[in-house]
6 protein chains.
Amino acid sequence: MRTVVVTDPPRADVGDAEVLGKHGVATVHEALGRVGYLGPELRPAWPGARTGGTAVTVVCWPGDNLMIHVAVEQCRPGDVLVVTTTSPSTDGLFGELFATALAHRGVRGVVLGCGVRDVAELRGMGFPVWSRAVSAQGSVKATPGAVNVPVVLGGQVIQPGDVVLGDDDGAMVVPRADVARALTAAAARDEKEAATRAAFREGELGLDRYGLRDRLAGLGLEYVTHDEYERDDR
Amino acid sequence: MRTVVVTDPPRADVGDAEVLGKHGVATVHEALGRVGYLGPELRPAWPGARTGGTAVTVVCWPGDNLMIHVAVEQCRPGDVLVVTTTSPSTDGLFGELFATALAHRGVRGVVLGCGVRDVAELRGMGFPVWSRAVSAQGSVKATPGAVNVPVVLGGQVIQPGDVVLGDDDGAMVVPRADVARALTAAAARDEKEAATRAAFREGELGLDRYGLRDRLAGLGLEYVTHDEYERDDR
Amino acid sequence: MRTVVVTDPPRADVGDAEVLGKHGVATVHEALGRVGYLGPELRPAWPGARTGGTAVTVVCWPGDNLMIHVAVEQCRPGDVLVVTTTSPSTDGLFGELFATALAHRGVRGVVLGCGVRDVAELRGMGFPVWSRAVSAQGSVKATPGAVNVPVVLGGQVIQPGDVVLGDDDGAMVVPRADVARALTAAAARDEKEAATRAAFREGELGLDRYGLRDRLAGLGLEYVTHDEYERDDR
Amino acid sequence: MRTVVVTDPPRADVGDAEVLGKHGVATVHEALGRVGYLGPELRPAWPGARTGGTAVTVVCWPGDNLMIHVAVEQCRPGDVLVVTTTSPSTDGLFGELFATALAHRGVRGVVLGCGVRDVAELRGMGFPVWSRAVSAQGSVKATPGAVNVPVVLGGQVIQPGDVVLGDDDGAMVVPRADVARALTAAAARDEKEAATRAAFREGELGLDRYGLRDRLAGLGLEYVTHDEYERDDR
Amino acid sequence: MRTVVVTDPPRADVGDAEVLGKHGVATVHEALGRVGYLGPELRPAWPGARTGGTAVTVVCWPGDNLMIHVAVEQCRPGDVLVVTTTSPSTDGLFGELFATALAHRGVRGVVLGCGVRDVAELRGMGFPVWSRAVSAQGSVKATPGAVNVPVVLGGQVIQPGDVVLGDDDGAMVVPRADVARALTAAAARDEKEAATRAAFREGELGLDRYGLRDRLAGLGLEYVTHDEYERDDR
Amino acid sequence: MRTVVVTDPPRADVGDAEVLGKHGVATVHEALGRVGYLGPELRPAWPGARTGGTAVTVVCWPGDNLMIHVAVEQCRPGDVLVVTTTSPSTDGLFGELFATALAHRGVRGVVLGCGVRDVAELRGMGFPVWSRAVSAQGSVKATPGAVNVPVVLGGQVIQPGDVVLGDDDGAMVVPRADVARALTAAAARDEKEAATRAAFREGELGLDRYGLRDRLAGLGLEYVTHDEYERDDR
């Protein structure tokens, strides 16, 4: 791995990132064609956390948070820090002191492929964090890594400057080039979902609304009464 | 697998299901002889969720929620929807729109062998959900499965019409034929636990209350002082 | 395994244990030189739980809580009960009735290598519990084990009488012999962290505060612009 | 749970079970409509193990092999012993002494929801075992369970007398009522696969053999050259 | 996700891929600077498997192998097929019939983010496969995905045409642009390791050969006798 | 953690360790009273590996094998190297070059709480290794740890100089003070098992040999015919 800090990568618009954050992870994930979700292993450190910002990426050695210190300096208002490790680790590389430094710089949250600590304090600060684990296990500052290089987290590639979102459903990435499309599609989806919600509240069925009955017949689905089913089963 | 929808299976009494839900999972599980618990992997989507209803069962293909749409139509007031997949999946096959449709039909909650999304919205609605994961990962509607056939979830068989309960301790099944026995035994157990609780508050020991001292002697348990133990250890 | 109950082991001072509990797990873990953490698998049964007390240790057979009954009698005010099993188990060996008995004796909390049940009731009582799982799965009282012998939990040795702490970041052990050192070091660390927090709020960087810039240069870390990086990558 | 031993349940034909065992797990699973597989967690104790027999089922308490002793007496030539536990356990409840007793009775193998030990000896004996783990962890004989009641293993219901198969791909159940259908369908599938194998060896494509090209077009799949794809991506 | 098949992506030289396969995963991983390893979850289907080829990438829906059929047609001699799923799945999407078709086309092996079946037959054919699981669970052919787009597997990005290697230590990717560097560095590393091996056989220590003694002193490592250590510990 | 190397700890007799290794893990574990097993997660790198020796213990930082280099110098003929990490790691900290150096010193095997690489070469050398994972992921040499201090692995405490055994069933520790007892008890157990094996080969049942029938009656186990069971179930 090249041990390098890339300065001032181009970023998506931080206002756009905020709007996407408000649409939420499930909506934007669907709007983009069901891509970009970072998986169910990344959980919010406290319920109700929600954010959207531009990625500053970090690669750390397991059990070593040296590069997070390096990355803080690269953060700007509207950023979300994204921390990965070169191999799986649940150690608590990030805690309340880092959050204090980042909050000062206008950073909107952190997404950690490793563990987080000081959860009670982070909740108290209202600083949003998603992580693979909660862990008090401390770290050294011995081995260099990289800042603002492309990283992989939860099976997704995150480029510095991409939009990263998080809420109670987890976290996701929107590639910088897809932000405009995501904004349009998410707004359309929200509108469509509002109409569906209203229809469902009135008792309309998805089977009818989405025209699934014909497809089901074509797939050979049968309807049988309980008595018929029991009789066949004998 | 037979791709079939079984209509109108006989159900346990929904009033009985509600009473069992109030007794709670731990009590009913013990009352039935320590059977029926769906395991620690099924967690409530929000703390404080609690329910009891009659099972409508669904079998989905992983990553595919087509059959949940089919199942909604089969639900009646007092039901709890139980969703399984043909192989393990954490994808978020269920979210707030489904919950809206189900709430309209008087459904009391959902138990998912897969993932759930829109957790913040579900908490807001007060709609109870238990699931193996929280995941925004979306699904297709391509492959048929089954509704109201017997399913296996968390190592337990659930027949359509069985009672399904959930609370902060997880979820469980009470077979329809065991509901009457469960009601009697759970009430007895609650009464017994109330007496034990009162005794424990006064300082009585389980060793005495449950007559364990003799058994322990028979099992060869010794009592030694710390000094004696240290001496033996050398 | 020797089936034995060791009575009246020497304990750390319960006042010291309380003070360490207030410092919290992350701080004391760092203060001791990054040792003693019981790992990210032990989670509080409810958010905000916090405690510090002296360990009464228990070894149970999986699925069997007989020895917890034995251990209750050995508990004194200021203790924390620590339950392990001879092989991995998530069963709910501990619940609200045990908590009632322990609260009567002045016990400050429980740390379980297995599962816990009655989570809603425990939250209502404010009784602190850390566990590997939440599970309603019940237990038998058939096989003897041991009380107040050294145990291993989360990769750490816990001797009876050691201090055990827990908060939202998990749980940890402070060996009795290290309590005095832990108190001094934790107080020093809290003071140091307060100064760092103040500095970070003013915008000072960890890179400067911890003198990391020189080390990074020595480790060969480069800074390049985004354009330079893209060019090299071609 | 009812602590009961059910004697002499009706069994599928042991000759049929042997034939299904020779077809193998993947073939029979497909032939039955992709049902009955016990999941990837059950692995053979040694490579090349293969069997087919009629199930004698056991329910044990975790860490307790008392009921396996009870079950041995219920076994007949052509049986396969199926061991489950009331909650998850990897302990080695089964080893070479049990295998010796079972081999004497003509038992064809064992499928364990828990762990196995004496793996080297079992390989030497050629006695087939599938298990969730290899573990030397020993067990007690303290708590009763059941023999020849319906059990759940790997998400499947196994009734005593059902056919159980195992090979390098894992293990599966064929319900007694489905054995005749399984024999016919597996033979047909083997024949069909032989033809497909021959065609694939000559270079025919699955796309053509299974008529997938039209379906793919209907699903909107595009073919683009690498250059076109790169251009779109910009 | 765009449902697309990219035809004829540029590939690394298949002779180079073969040479890297002979160097082996551990050597090439180190030679490249400790990057590219696909993680310990991908295991060979049979011991002794070893390969190196150029990647043809596939994205499947979980439980659906439709796109593998599409991908076979895109394979050329010297390729290695790399299969991913849109969300985690252990289902056996690949087996002996696919291997027969691929062997006909000169494909050198398969790396699966999902499960494999027909393990005994694959071992018999000597066809190398790495996978996350062995599973007989069958699949449908219902939902389109993509072929020869960039994929993520085991935390690494794999572009079509990259070199993929596998042996008993797992599998790895060498980006096409890094192949020349990898060849040089792997040869150098093999040579260096041969010299080290010879020295270690003579009794030289790594401490001396790598000049670690000074570093250790600088890091504060102490040497104490057992008696001194015991004394300090009291 | 104190960064220290303890030199020349007292060791158990290496001849005794060899004898225990021949008895095997399952036998010695039972003989000692079912203690000391390091759990099912530690697996041999190749089937048939078997050893017994005296422990030299190592504590490494995750992803860092510096201390293994330090430990090699502390090894003597008859030792087994035991490597732990300060937090969980599957990285391949150990491979063939280390094995070469250790073989020169007469070391009998290695037990790793982390990963191993060069598995094919280790099998070729016949050098026994047990590990939590196989992984080619490489390591740095940056952070100091400890050698020959007490460690915890697989839930067991290992002191330097204790006996460590491994075979196909996993690995275990025998405390130095228990070696004499283990030798006697293992020999007795082997003898007893030989008699049981002979009896089982003749068809005697464990129920009779271990006198379990009376206990089962006392525990309330019923025997019912299949017909009676079916009738009750209705």
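The values are calculated or read from the model by the stated rules, or taken from the named source; none is laboratory data. From a predicted model like this one, the values you see are computed outputs, not experimental measurements. Please note: Cβ atoms are built from the backbone with ideal geometry, for glycine as well, and neighbour counts cover all protein chains shown. Accessible surface is based on the protein model in full, side chains and every heavy atom, while ligands, DNA and RNA are left aside. Shrake-Rupley method; radii C 1.70, N 1.55, O 1.52, S 1.80 Å.
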So which GluC sites (Glu not before Pro) in segment D:139-234 end up in coil per DSSP with only 12 or fewer other C-beta atoms within 10 Å?
D:202
Among beta bridges that DSSP assigns inside the protein assembly as shown, antiparallel share in %, nearest 5
40 percent
FRET efficiency, 1/(1 + (r/R0)^6) with R0 30 Å, evaluated for residue D:7 and residue B:195 via beta carbons
0.15
With Cβ to Cβ distances under 14 Å as the rule, what net charge do the other residues near residue E:93 carry (K, R +1; D, E -1)?
-2
Give the calculated FRET efficiency between residue B:157 and residue A:223 to the nearest 0.05, with a Förster radius of 30 Å applied to their Cβ-Cβ distance.
0.85
Using only atoms on other chains, find how many Cβ atoms lie within 10 Å of each Cβ of peptide A:84-96 and report the average.
6
Could you put F:213, F:117, F:197, E:176 in order of accessible surface area, largest first, with the 1.4 Å probe and the full protein assembly present?
E:176, F:213, F:197, F:117
Rounded to whole Å, give me the distance from the Cα center of segment C:101-119 to that of segment A:1-39.
43 Å
Accessible surface of chain B, 1.4 Å probe, proportion on carbon and sulfur as whole %:
48 percent
Work through the residues other than residue D:205 whose Cβ is under 10 Å from its Cβ and net out their charges, Lys, Arg +1 and Asp, Glu -1.
0
Most mobile listed residue (A:186, A:171, A:120) in chain A, GNM with C-alpha springs under 10 Å:
A:120
Interface buried area E-B, accessible surface with 1.4 Å probe, both sides summed, nearest 100 Å², comes to 900 Å²
Over all alpha-carbon pairs of chain D, lay out the pair-distance distribution in 5 Å bins, whole %, shortest bin first.
1, 7, 13, 16, 16, 12, 8, 6, 5, 5, 4, 3, 2, 1, 0
Label spacing, shortest first and in nm, from residue D:222 to its equivalents in the remaining copies (7 angstrom along Cα→Cβ)
3.7, 4.2, 6.9, 6.9, 8.0
Provide an ascending nm list, one decimal, of label-point separations from residue B:209 to the equivalent residue in each further copy; define each label point as 7 Å from Cα along Cα→Cβ.
4.4, 5.0, 5.1, 6.6, 6.8
Helix-only [θ] at 222 nm, chain C, -39500 (n - 2.57) per DSSP H run of 4+, per residue, nearest 500, equals -10500 deg cm²/dmol
In chain F, what percentage of the DSSP-assigned beta bridges are antiparallel, given to the nearest 5?
45 percent
If you roll a 1.4 Å probe over the heavy atoms of the protein chains, what accessible area per residue do you get for chain B, in Å²?
34 Å²
Take the alpha-carbon centre of segment B:176-234, take the same for segment C:179-234, and report the distance between them in whole Å.
53 Å
Net charge (Lys, Arg +1; Asp, Glu -1) of residues whose beta-carbon lies under 14 Å from that of residue C:182, residue C:182 excluded, is -2
How far, in whole Å, is the closest Cβ of chain B from the axis that maps B onto C, and which residue does it belong to?
B:47, 5
Here the whole-number average of other chain Cβ atoms within 10 Å per Cβ of B:33-45 is 5
Do you know which residues of segment A:134-158 lose at least 40 square angstrom of accessible area in the protein assembly compared with their chain on its own, with a 1.4 angstrom probe?
A:134, A:136, A:137, A:140, A:141, A:142, A:144, A:152
